[in-house]
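To start, the structure under review is shown below, and the notes come after it.
The values are calculated or read from the model by the stated rules, or taken from the named source; none is laboratory data. These numbers come from a predicted model, not from an experiment. Note that each Cβ is placed from the backbone with ideal geometry, even for glycine, and that neighbours are counted across all protein chains shown. To get the accessible areas, we keep the full protein, side chains included, count just its heavy atoms, and leave off ligands, DNA and RNA. Shrake-Rupley method; radii C 1.70, N 1.55, O 1.52, S 1.80 Å.
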Amino acid sequence: MTTSDAHRAYKASRDQLLALRGKHVRAVEEFRWPDLGERFNWAVDWFDAVARDNADNDRPALVIVEEDGSETRRTFGELSRASDRLATWLRNRGVRKGHRVLLMLGNQVELWETMLAIMKLGGVIMPTTTALGPADLTDRITRGEPRHVICNSADTPKFVDVPGDYTRISVGPAENCADLHGADLHDADFHCADLHCADLHCADLHCANRHWADLHEAADLPHTPVEHPGTAPGDPLLLYFTSGTTTRPKLVEHTQVSYPVGHLATMYWLGLWPGDVHLNISSPGWAKHAWSCFFAPWIAEATIFVYNYSRFDPAALLNQLRVRKVTTFCAPPTVWRMLINTDLGARPAGLREAIGAGEPLNPEVIERVRAAWGITIRDGFGQTETTAQVGNTPESDVKPGSMGRPLPGVPVVLVEPASGNVVPGPGEGEICLDLAQPPLTLMTGYLADDERTAEAMAGGYYHTGDVASIDEDGYLTYIGRTDDVFKASDYKISPFELESVLIEHPAVAEAAVVPAADPVRLAVPKAYIGLAPGHEPTKETALSILRYARENLAPYQRVRRLEFADLPKTISGKIRRVELRARELGADAGTEWRDDQFPDLTR
């Protein structure tokens, strides 16, 4: 199959989903993944072809706006040519097909150019958040074994003590390197101790294992299109570390198709159209950034819009939605919760789709946005290990609290943990993917961890570790992680259900519910509360929240203990309930309020 054949097959599947917008049942029944033949490379077969088709179109593929209002704009053609030049430069630096490249950049144009360039060479990208320090980088490099590292010049000092034989590439001259060129530093007997300049550090040395090459040099190269690297659909493309909400982060391997083709389903869920302006709030280095700031928008031939800020400002973000005429907006629940605590104002004129992702979205947030904007936030579900699996798709009925139905091409089933059988109708079970026909959207496995991979794929299903219920119409409602669900007085407790009620209280910005030991009930629900602005962690506040929970939850769900705290989170911003559960088992619990301290709550 030629490049043009692969492009036509890919585009036909994309266009089929666009035509089936608002027809969820038909899309599930009729959609088929494209047959791409024996070789496929998304950057060459899709992105470059789109750039050629839009050669006379100055509509941007990427717009990045900074806090001061300055902006960077790139068309599809400009990004195609820039990534060609960068691919040539990287090849000259030793990057080859199959080489792993740790990529640690922020929301800057070089991130998109570099991802495309590495793809065009057949390299394997290891996206990494800039929030990591030397210890975490050592772990990632030890486990991921990259041959090359690309980061901003300001981050180069983080790698001084990170071991590994890897090529060092920076965006801009590396920190403190501008005036050191000493060829004599290659002397084998030369040591840092010989230096007497107080401002000189090991990171400054331009010896073979410290030199950082500046990728901006690629801009001076003549443009030559990069030949197809001959990557097969099953060849590796991406290595993502999970966020580590319950265990040590796992290293997930994706192929040339699992994300680049699998995100056709994500595009359908997001409701993207050619010409849209899509804003997604997520940080580079995490899978959701690839979902909604790279693959899905460019599959749809939409513009990726990024608003960079040093500190989140809800009012400033709302202004960008209006001024930049954003049509589709996706944000995690934390951002949506902060937005509803400010003045939402009128619905932004261009906004057509509002989406929540990253964690389950509380019904209270959905209702507040619907009341203000007349638009329903559509929830969905997926993982680093997959693309989007479940979603409330555009123009479909949205049931309160439900995250929607399985997406086209994604074989989602609920499996009863005890028996391993598929839940045949209404009921609850673990969200799984049926491996009878290996799902295209699924990872190949956890790198160098056969035991965890086998566990995840046991019994003919990929196990997400998340529990949901399904109703008679096929809508799924999230219950919680298998590790988070617990029993109190022999009743099953879903932390998410309780948290969804707690967050409706005006004093509660965030909540996390875990089991606390109890001599009578064995365990009772305890809520860790992050307070909304303007509220203090007082006895009166505790009483108000506990009373609200009592009035709005079933007796067996009653929150009986409460503690005000800054909730522990992963680097990607997800709540680590595992730390809170461990805290309950230890001796480091803070000041808590119990319902039996308030007489009117125990009557």
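Selection among Ile377, Val261, Pro229 by position relative to the dipole of the chain gives Ile377 as farthest towards the positive end (Cβ unit charges, Cα centre). Heavy-atom accessible surface of the chain, averaged per residue, reaches 41 Å², computed with a 1.4 Å probe.
List the relative contact order of the chain as a percent without decimals, with contacts defined as Cα pairs under 8 Å and 6+ residues apart. Result for the chain is 11 percent.
If packing is taken as the average count of other Cβ atoms within 10 Å, what order do 53-61, 225-233 fall into, highest mean first?
Working: 53-61: 14.2, 225-233: 17.4.
In descending order of packing, they fall as 225-233, 53-61.
Apolar share of the accessible surface for the chain: 49 percent from carbon plus sulfur atoms, 1.4 Å probe.
Using only side-chain charges placed at the Cβ, +1 for Lys and Arg and -1 for Asp and Glu, the dipole size of region 395-517 relative to its Cα centre rounds to 60 debye. For the chain, DSSP calls about 60 percent of its internal beta bridges antiparallel. For the chain, adding -39500 (n - 2.57) for each run of n ≥ 4 DSSP H residues and dividing by the number of residues yields -7500 deg cm²/dmol at 222 nm.
Placing +1 at every Lys and Arg Cβ and -1 at every Asp and Glu Cβ, with all other atoms neutral, what dipole size does region 473-547 have around its Cα centre, in debye to the nearest 20? Numbers along the way, then the final one.
On the way: 7 positive and 11 negative charges, 54 e Å.
Dipole of region 473-547, to the nearest 20 debye: 260 debye.
Listed cross-link partners Lys120/Lys325; Lys487/Lys569; Lys11/Lys120 are compared with a 28 Å cut-off, the Cα-Cα value being larger for Lys120/Lys325. For the charge dipole of the chain, defined by +1 on Lys and Arg C-beta atoms and -1 on Asp and Glu C-beta atoms about the Cα centroid, which residue among Thr88, Ala554, Thr242 has the Cα displaced farthest towards the positive pole? Of the listed residues, the answer is Ala554.
Suppose every K and R has +1 on its Cβ and every D and E has -1 on its Cβ; what is the size of the dipole of the chain about the Cα centre, in Debye to the nearest 20?
Values: 61 positive and 83 negative charges, 250 e Å.
Approximately 1200 debye in magnitude.
Loop-located GluC sites (Glu not before Pro) across region 64-168 with a Cβ neighbour count of 12 or fewer within 10 Å are Glu67, with loop assigned by DSSP. Calculated from the structure at hand, Cα extents along the principal axes in Å is found among [x] 81, 65, 50; [y] 93, 62, 38; [z] 78, 60, 43 as [x]. Sorting the segments 446-457, 537-548, 347-358 by their residues' average number of neighbouring beta-carbon atoms within 10 angstrom, most packed first, yields 347-358, 537-548, 446-457. Computing Rg and the Kirkwood Rh from the Cα coordinates of region 226-330 gives a ratio, Rg/Rh, of 1.03.
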